[in-house]
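The numbers here are math on the coordinates, done by the rules we state, and not lab data. No experiment lies behind these values; they were computed from the predicted model shown. Using ideal geometry, Cβ is built from the backbone for each residue, glycine included, and neighbour counts are taken over all protein chains shown.
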Amino acid sequence: MNIINDFAEIAESYISESKNNPVYPSRESLKKMHELVEPFPENPMDASGVLSLLNAKGSRATVKSTGGRYFGFVCGGSLPAAMSAKLLATVWDQNAGLSVMSPIAALLEEISSEWLLNIFGLPANTAVGFVTGATMANFTALAAARHSLLKKAGWDAEGQGLFNAPEITVITGDEVHVSLLKALNLVGFGRERIVRVPSDNQGRIMAEKIPQFKGPTVLCLQAGNVNSGAFDPIEEICRNVNRENTWIHIDGAFGLWAGVSEKLRHLVRGIELADSIGTDAHKWLNVPYDSGLVFVKDKQTLLTALSASAAYLPEISQREPLQLVPDMSRQARGVPIWAALKSLGRKGLSDMIESNCRHARKFADGLKKAGFTILNDVVINQVLVSFGDSATTLGVIKRIQEEGTCWCGGTNWQGKTAMRISVSSWATTDEDVNLSLAAMLGAAEKEIKNQGQPILNK
């Protein structure tokens, strides 16, 4: 098929050119993409023409987040094996909801599940679901929590709904991520009635401040604060809180992957004691997007919470992917995850995580040496830097983004404006860090000089 050859040529060109192109698209490229806006066409266009048009107007309007110099939003790149496997899975065009619809998709989920449980040291009978991302992983886990807690209180959530159901207390840290709040809202727990526990100066929930509770309770902890990278004291809390009618859930969107490294494993000590965990595979496992994972210790609880039946569905006697996730018809998410794990192995995965952390420390050391303030303890891949007051820091961020060597975003950290550097890509090299650090320092010098301030360390 000519279309396959056309695609291969475009893909190879895009990948080879990405390293030399600005990380963020130019104004001209963003303007050019709007040439795609038109009324719905009356006549068809051949597939090669569609692909050529999309490449011409769209490729230069992409953010090069799969490269080595994108440090925004904790975005991993796409490992070559994972990217290629996902493309092959797209060619296969499998519906991965049932094993009878795709035996290979089901098998690769099973294999990947066993590998993941081994990697993280989780109980062997833990259920693993392949979802879209951390938000849906959190949602799925919280649906299981709702079922379990209400069942213990004598209430059938699936049959009776939530009207007049026993109240469930929800406890989080003050630094809870917005994706978890969204999941709590979607599952019916709301946002305003959540008990928020104070966090320390690194964003860790303060265990001694967790209130006493008696009734059904969901306690949400965090493995990897999205700003500082800090970890809640998971083991201490899991061992000390009242577990009689409490479900402990861990939002480990990216930080969970620190557990694959012997050097960093202490950060996630105690995760095996939690009832559920959510994470992204497209963050620190570096698989293409639309890939999250949910782990639920009590498999039957998850199966019951997400149960669905219909006359045309086969009788279920083995692991069926649709039993473990909210969606039924879906892509084969296990394929790129299997490919990533297979291509890296335990050593490669650990090396990738540790390399990102080493690069984060190099950024922190370079910026601190130049006289700027690092606001967090750099425990994994997250760096928060202040270039002075809020206006100066925002000005430096803008210059960095416009210059194009790398891309970082801004954040507000405990009342201070900061630039956040998230090193999450397999593709980041020492050269990428050196080039990016030089660009950051150059942007800072220009912004400070523009404001008439003295240049630090000069």
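Relative protection proxy for 274-280, 436-442, 337-343, from highest mean packing down: 274-280, 337-343, 436-442 (other beta-carbon atoms within 10 angstrom).
In a DSSP loop and with at most 16 other Cβ atoms within 10 Å, there are no GluC sites (Glu not before Pro) in the stretch 58-132. Could you list which residues have their amide H under 5 Å from that of G173, counting only those 5 or more apart in sequence or on another chain, with H placed in the peptide plane? Those qualifying (amide H under 5 Å, at least 5 residues apart or on another chain) are V197. Rounded to the nearest 500, the helix-only mean residue ellipticity at 222 nm of the chain stands at -13000 deg cm²/dmol, with each DSSP H run of n ≥ 4 adding -39,500 (n - 2.57). Each of R399, R146, R243 was scored by other Cβ atoms within 10 Å of its Cβ. Listed from fewest to most, they are R243, R399, R146. For Q414, the shell of other residues with beta-carbons less than 11 Å away shows a net charge of -2, using +1 for Lys and Arg and -1 for Asp and Glu.
Which of Y289, Y24 has the fewest other C-beta atoms within 10 Å, and how do the rest follow up to the most? Numbers along the way, then the final one.
Details: Y289 17, Y24 20.
Least crowded to most crowded, the residues run Y289, Y24.
Within the same chain, aspartates and glutamates fewer than 8 places from K209 are excluded, and of the rest, those with a Cα less than 12 Å from its Cα are D174, D200.
Under the shape rule built on the C-alpha gyration tensor, where the axes satisfy a ≥ b ≥ c, the stretch 2-64 is oblate, since a/c reaches at least 1.5 while a/b does not exceed b/c. For Q202, neighbours were defined as the other residues whose beta-carbon sits under 13 Å from its Cβ, and their charges (Lys and Arg +1, Asp and Glu -1) total -4.
Tell me the relative contact order for the chain as a rounded percent, counting alpha carbon contacts under 8 Å between residues six or more apart. Provide the component values of the computation, followed by the final result.
Working: 841 pairs, mean separation 100.3, N = 458.
The normalised contact order for the chain reaches 22 percent.
Residues in the stretch 361-374 carry Karplus couplings, in order, of 5, 5, 4, 4, 5, x, 5, 5, 4, 6, x, 9, 9, 8 Hz; the curve used is 6.51 cos²θ - 1.76 cosθ + 1.60 with θ = phi - 60°, and Gly or Pro positions show x. The lysines whose alpha-carbon is closer than 24 Å to the alpha-carbon of K86, local same-chain residues fewer than 8 away aside, are K19, K57, K64, K283, K342, K347.
Compute the signed sum of charges (Lys and Arg +1, Asp and Glu -1) over the other residues within less than 15 Å, Cβ to Cβ, of R146. With Lys, Arg at +1 and Asp, Glu at -1, the net is -2.
Counting neighbouring Cβ atoms within 10 Å and putting the fewest first, the residues M83, M101 line up as M101, M83.
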